[in-house]
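First up is the structure itself, then whatever we jot down about it.
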Amino acid sequence: MAHLAASHCRRLGTTPRRLALLAVLFALLATPFGAAQGSLLVYAVINQDDAELLTDMFRERTGVDVRFLRGSTGELVTRVIAERGSPQADVLLGGASTLHISIAESGALAPYVSPVAAYLPANARAEDGTWTGFYLTALGIGVNEERFAQRYGDRALPATWEDLLDPAFEGEIVLTDPVASSTAYLFVQLQLQRLGLEAGWDYLEALAPLVGQFPSSGGAPPQLVGTGEYTLGVSFVHALARYRAQGFPVSLIVPPGTAGEVGAVSIIAGGPNPDNARRFVDFIASAEAQQAFADQSLTTALHPDVVAPAAAVPFAAFDLIDYDPALAGEQRDEVLLRWQSVVD
Amino acid sequence: MTDALRRHVIGTPGWWRGDPWLPVTFVALAAFLAVFVLYPLVLVAAAPSVEDWSRVVNTPRWRNATLNTLTMVVLSTTSSLILGFVYAFAVTKGQVAGRRLFEAVPLLLLVTPPFVGGLAFLLLLGRRGLVTSTLLGLDVSIYGWHGLWLAQTLSFFPVAFVILRSTLLGIDPTLEQAARDLGASRAQVLRTVTLPLATPGLLASALFIAIAVLSDFGNPMLIGGRFRVLATEVYTQLTGWANVGTSAALGLLLLVPAVVFFALQQSVQRRTRQRFATVGGRGVSLPEPPPSPPLRAALFATCTVVTLFVAATYLVIVLGAITQVWGVDASVTSDHIRGVVRHLPALANSLVFALLAAGVCTVLSLLAAYLVQRCGVPLRGALDLSTLLPAAIPGTLMGVAFVLAFNTPPLRLTGGGTIIVLAMAVSYLPVGYRIFAAALAQLQPSLDDTARNLGASRMRTLVDVILPLVRGAAVAAFVFCFIQAVGTLSAVIFLVSFDTPLASVTILNLAEQGQWGRAAALAAVLVSVTFLALAAVRGVVGQGFTSLVER
């Protein structure tokens, strides 16, 4: 029989070895794509390793089969809004509260007031429960100490936003493109609100020619400053702190008058696992999850019982302006259009 | 003229007779292209409002971006084409030492996900790069058009190499020998025989590279600095501002030069096709004389420089994968490699989807090329254009078009592997199609006629006569689609779901957050596994990936 089969194979121009390989291929192709049940699907804007940490903990505590998909803010927001008709995920984890507000306006979020999150101040959660804050971070300036010393010698590090306007820094500053990144838009709005519209635009128009590069991802400036591609970068303080904690020669500067951002979690309306989504929001609001997240992400936790890790910038160091996120949202199109016409 | 035009639209009279499979195939192919190329595109075309259009036209930022884009198309296409031709000439006719090794190098570049190459590029040539800073002590910035030019040349010359290698090997050596026997010098042979015969391949390469440069967003993003091009703007408008209208308008702007290139290439090729069909029967020739020593040395030097650069790229990736923290803590660790276990499903998906997509793409592009070129089917121009169109669509836009088109009934495909496979297959359809078109252009139509006169149907002719002759092109198309699909990012970034993570997207995420160790480890594993898969393909088709074309 085997002999017959083998000769048959040869006649067809194949060999048993090739057949075996084909069989392996087909076995691979047969891998099912099906969705699991009793699970939870999370869109994560936070870092890959932070998302791994939180979902691993949640899985251990509850036994729920939780999976996440990590993407940039814009990418996942586009998804949530595009998928309104047939939501693919249950939870949007991370991203500025302002963003969650605009998604909520499109009707893509389901309200849930978590009893665990009762400790939150009014400005860190939605009144209608469409989003719940779970961390805080603020804008700062990162300096690559080595490159700074090499180029500017003993000069003092910049301490204020105005210090960035020194023409000596031309080509040495990295700022994300506000059109592409919510981090940079926060920076633009901060200047407009801090200085007033007219002086704010003067500031931005003076700064723009000094910027060496406008990358798209909010994660780029700390990376480019950390590795010394650029001397100075505008970024969230916690992202800079993470590079510093890894050993990169980065100094953190929190200029007086900065803007903070509340990172939020929200439930996607019509998602496949609404009960588990609510359990997940409760979990994220718990002291245990907030402590673990703060320890790793170096953001500031909102739960009062959390002890801030030593590597993080203490909350007391932030001198925050009275930032108006609603105004920032309203002006978005107008400001970005003007930005695109003054900065090429 | 009107008669020719009419034949072009309604087909050669009686085209459907004699082979029931021909009209079935035609309808199936036309339906596929209508649903998976035209329908998503129509949705994208309808997305921008009048306001979006006027905004796009009146903003200086985008006028500059348009100008920059066209500049890069001219620069990068020319340099990639020259490097690709020189490289292909070196390994096919230059008789350089180490030919086998040199042949594999462009494929290695193709198989590397572009952003990984870009990252390695920065680590090697950036302000703090291994070569620029550590070895040469320079403080140079590669950001800008010059760095982008270098990066795009290295990224896209492999495309020219793959196509031109196949073209050069397909040239009947007796023709060149005849020219030599008639007393032509080496330069004369190159100018009057080899180059004219390579014209279809050169044009196909030029078209592909030009369109690839038009829609390239990985390199401009990493290396462009403040130099904006349209493709990055499409991406920025979409992912940052969630501004589908402006993004679609900018993307449609990219279609204009793409269509112009296409028309140019088409008209030139129609003229050359008649003149230079070379494969009828196959002549046997004496071995070619080796090129002159200086030329050989120059060819060898070119290949060596490229190879060294590629070797350095991989060295950086491997070093990154085993270094604790790149640039800070040089101690060796296996943590990153062990961390890859977490991404095994993503790796498996990347390979399986890419293999499936390559199969689908190869079959569809062969059928399309055969039907358009040989069978006198109706709507040839439309079929031709819609097969080539995906090459002009920036990947991100294609991804969004797919989401717009296939996220709701009746064709709800999002959330599964099918849509990813289809997006990959459609993205590389033009590549396969052009490879087959170039190969078919070298086959005399009298071959088909002979088979048909002997009673073979159209489809039988395809399987029994054409396919064996274009087998090399088929392997080239499959391998090319496969390795591009493994590394693709832009077309699939919106399509990955919880059950279908992909390695390329994961690597980008990790690299973006500065987790280079794990990103490099995953990239190293992905590239290795891709080569294992290619070896398995070799086992199945009985052909090495280094010898893409055998006739």
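Each value in this text was obtained by applying a stated rule to the coordinates, not by laboratory testing. Just so it is clear, the model here is predicted, and its values are computed rather than measured. Note: ideal-geometry Cβ built from the backbone for every residue, glycine included; neighbour counts use all protein chains shown.
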- Interchain or sequence-distant (5+) residues whose placed amide H lies within less than 5 Å of the amide H of A:L40 are A:D65, A:V66, A:R67
- Of A:I321, A:I267, A:I141, the one that fluctuates the most in a GNM where chain A has Cα springs shorter than 10 Å: A:I321
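Report, to two decimal places, the Cα Rg of the range B:292-371 normalised by 2.2 N^0.38 Å (N = number of residues). Write down the numbers at each step before the final one.
Details: Rg = 20.8 Å, N = 80, 2.2 N^0.38 = 11.6 Å.
Taking the Cα Rg and dividing by 2.2 N^0.38 Å, one obtains 1.79.
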- Query: Taking amide H positions as placed 1.01 Å from N in the peptide plane, with prolines and chain starts having none, which residues 5 or more places from B:T323, or on another chain, fall under 5 Å of its amide H?
  - Reply: B:T333
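What is the extension gain from B:V35 to B:L379, computed as 0.36 nm multiplied by their sequence separation minus the C-alpha to C-alpha distance, in nm to one decimal?
Working: separation 344, 0.36 × 344 = 123.84 nm, distance 1.62 nm.
Residue separation times 0.36 nm, minus the Cα-Cα distance, leaves 122.2 nm.
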- Based on the Cβ-Cβ distance from B:V27 to B:R296, what FRET efficiency comes out when R0 is 51 Å, to the nearest 0.05? 0.45
- Task: In whole Hz, with x marking every Gly and Pro, tabulate ³J(HN,Hα) for the range B:459-465 from phi via Karplus 6.51 cos²θ - 1.76 cosθ + 1.60, θ = phi - 60°.
- Result: 5, 5, 4, 4, 6, 8, 10
- Rounded to 5, the percent of DSSP beta bridges in the protein assembly as shown classed as antiparallel: 65 percent
- For chain B, list the cysteines whose Cβ sits under 4.7 Å from no other cysteine Cβ? B:C303, B:C375
- Cα Rg, Dmax, chain B, angstrom units: 23.5, 74
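Relative contact order for chain B: what is it in percent, counting Cα pairs under 8 Å that are at least 6 residues apart? Let's see the in-between values first.
Working: 783 pairs, mean separation 127.9, N = 551.
Worked out over chain B, it gives 23 percent.
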- Task: Based solely on C-alpha atoms, express the radius of gyration and the Dmax of the range B:386-514 in angstrom.
- Result: 18.8, 65
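As a footprinting exposure proxy, order B:C375, B:C361, B:C481 by other Cβ within 10 Å, with the fewest listed first. Provide the component values of the computation, followed by the final result.
Working: B:C375 23, B:C361 30, B:C481 27.
Taking fewest neighbouring Cβ atoms as first place, the list is B:C375, B:C481, B:C361.
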- Virtual spin-label span in nm between B:T418 and A:I81, 7 Å along Cα→Cβ: 2.9 nm
- Message: Compute for the range B:117-205: radius of gyration divided by Kirkwood radius, i.e. Rg/Rh, restricted to C-alpha atoms, rounded to two decimals.
- Response: 1.25
- Return the Cα extents of the range B:299-338 along principal axes one, two and three, sorted largest first, each rounded to a whole Å. 42, 20, 9
- Task: Give the calculated FRET efficiency between B:S54 and B:R191 to the nearest 0.05, with a Förster radius of 60 Å applied to their Cβ-Cβ distance.
- Result: 0.75
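Only Cα pairs under 8 Å and at least 6 apart count here; give the relative contact order of the range B:345-497 as a rounded whole percent. Please report the intermediate quantities before stating the final value.
Working: 177 pairs, mean separation 64.6, N = 153.
Normalised by residue count, the contact order of the range B:345-497 is 42 percent.
Using helices alone, what [θ] at 222 nm do you get for chain B, with -39,500 (n - 2.57) per DSSP H run of 4 or more residues, divided over all residues and rounded to the nearest 500? Mind showing how you got there, number by number?
Numbers: 25 runs with 383 residues, N = 551.
Calculated at 222 nm, the ellipticity per residue is -23000 deg cm²/dmol.
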- Message: Compute for the range A:252-299: radius of gyration divided by Kirkwood radius, i.e. Rg/Rh, restricted to C-alpha atoms, rounded to two decimals.
- Response: 1.13
- Using just the alpha carbons, could you tell me how many Å³ per residue the convex hull of the range B:60-187 encloses? 159 Å³
- Message: From the C-alpha coordinates alone, can you work out the Kirkwood hydrodynamic radius of chain A, in Å?
- Response: 22.2 Å
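Using the Kirkwood formula on the Cα atoms of the range A:211-285, what hydrodynamic radius do you get, in angstrom to one decimal?
Numbers: mean 1/r = 0.0660 Å⁻¹.
15.2 Å is the Kirkwood radius here.
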- Query: Could you give the radius of gyration (one decimal) and Dmax (whole number) of the Cα atoms in the protein assembly as shown, in Å?
  - Reply: 28.6, 93
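Any number yet on Rg/Rh for the range A:201-335, C-alpha, Kirkwood?
Working: Rg = 17.8 Å, Rh = 17.6 Å.
My calculation puts Rg/Rh at 1.01.
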